[in-house]
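Student: The structure under discussion is supplied below as structure tokens; questions concerning it will follow.
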Amino acid sequence: ARVIDADTFEVAGERVRLIGIDAPEGEQLCQVNGHDWPCGQLATAAVYEMVGAAPVSCEVYGRDRWGRALAECFQSGQSLNAAIVLTGCALAWYPSAGAVLGPRYDKAEREAAAEHAGMWRGTFVEPWVWRRQ
């Protein structure tokens with residue numbers, strides 16, 4: 001897999017959007033102790049390190065309006081979607097009615113928040129809100 005950003009991969013030449021999660025955009029900033037922190041860039045870098053060169057497999061649930069596969073991806077039998085949320089590199093995200101639904105990552109998000117992991121170490125605007133601003 002090639003990491004495009006923290007919630008989008010290219011797998012076997014196909015663009016894959018990780019279902020059920022939303023990561024900060026590359027130019028998005030979060031705040032830690034009143035200072036800007038490049039959470040979008042750091043989330044992508046952390047996911048890149050997490051994925052490395054090991055094989056990735058994905059279970060596709062459907063396609064988004066841009067034709068990307070919406071999938072839960074796995075490495076060594078572990079959900080990368082859940083791992084990315086657990087490290088605080090993304091939030092659990094479930095779009096409005098009519099969208100393709102997949103697994104839920106609420107538990108991983110609660111654990112990340114409790115541990116102040118990634119984005120949870122400071123304050124942030126949810127990625128889906130930030131994109132609309």
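The values are calculated or read from the model by the stated rules, or taken from the named source; none is laboratory data. As the structure is a prediction and not an experimental result, all values here were calculated from the model. Note: ideal-geometry Cβ built from the backbone for every residue, glycine included; neighbour counts use all protein chains shown. Just so you know, the surface numbers come from the protein's heavy atoms only, side chains and all, with ligands and any DNA or RNA stripped out. Shrake-Rupley method; radii C 1.70, N 1.55, O 1.52, S 1.80 Å.
Student: Quick check on my filter: what residues within the range 49-81 are of a type in the set (Gly, Ala, Ser), surrounded by fewer than 22 Cβ atoms within 10 Å (Cβ to Cβ) and not in a loop (DSSP other than H, G, I, E, B)?
Tutor: Residues satisfying the conditions are Ser57, Gly62, Ala69, Ser79.
Student: Could you tell me whether the range 5-18 includes any residue that is modelled with pLDDT under 95 and not in a strand (DSSP E or B)?
Tutor: Yes, there is a match, as at least one residue in the range 5-18 is modelled with pLDDT under 95 and not in a strand (DSSP E or B).
Student: For a quick check of your reading of the model, give me the residue pairs whose first member lies in the range 104-131 and is closer than 16 Å to Val32 by Cα and open to solvent by 50 Å² or more (accessible area, probe 1.4 Å), whose second is at pLDDT 95 or above and part of a helix (DSSP H, G or I), with beta-carbon atoms closer than 6 Å and at least 6 apart or on different chains.
Tutor: These pairs meet every condition: Trp120/Ala112; Trp120/Ala113.
Student: Quick one: which residue in Pro24, Pro95 is in contact with a Pro (Cβ under 7 Å, 6 or more places away or on another chain) and closer than 27 Å to His116 by Cα?
Tutor: Pro24
Student: Among (1) closer than 12 Å to Phe9 by Cβ; (2) at pLDDT below 95, which single condition is Ala53 missing?
Tutor: Among (1) closer than 12 Å to Phe9 by Cβ; (2) at pLDDT below 95, Ala53 violates only (1).
Student: Within the range 19-48, take every residue that is in a helix (DSSP H, G or I) and touching a strand residue (DSSP E or B) at 6+ places or on another chain (Cβ under 7 Å) and give me the one that is nearest to Leu86 (Cα to Cα).
Tutor: For the range 19-48, the residue satisfying everything is Val47.
Student: What pairs can you find where one residue is in the range 82-102 and closer than 20 Å to Phe124 by Cβ, the other is part of a loop (DSSP other than H, G, I, E, B) and not small (Gly, Ala, Ser), and their Cβ atoms are less than 6 Å apart, with a gap of 6+ or different chains?
Tutor: Taking only residues 6 or more apart or on different chains, the pairs are Ala82/Tyr105; Val85/Tyr105; Ala90/Asp7; Ala92/Tyr105.
Student: Which residue, of Ala71, Ala90, is of a type outside the set (S, T, N, Q) and over 21 Å from Gly13 (Cβ atoms)?
Tutor: Testing whether each residue is of a type outside the set (S, T, N, Q) and over 21 Å from Gly13 (Cβ atoms) leaves just Ala90.
Student: Which residue is least open to solvent (accessible area, probe 1.4 Å), if the candidates are limited to the range 28-39 and must be over 14 Å from Ala117 (Cα atoms) and under 16 Å from the mean Cα position of the chain (by Cα)?
Tutor: Gln28
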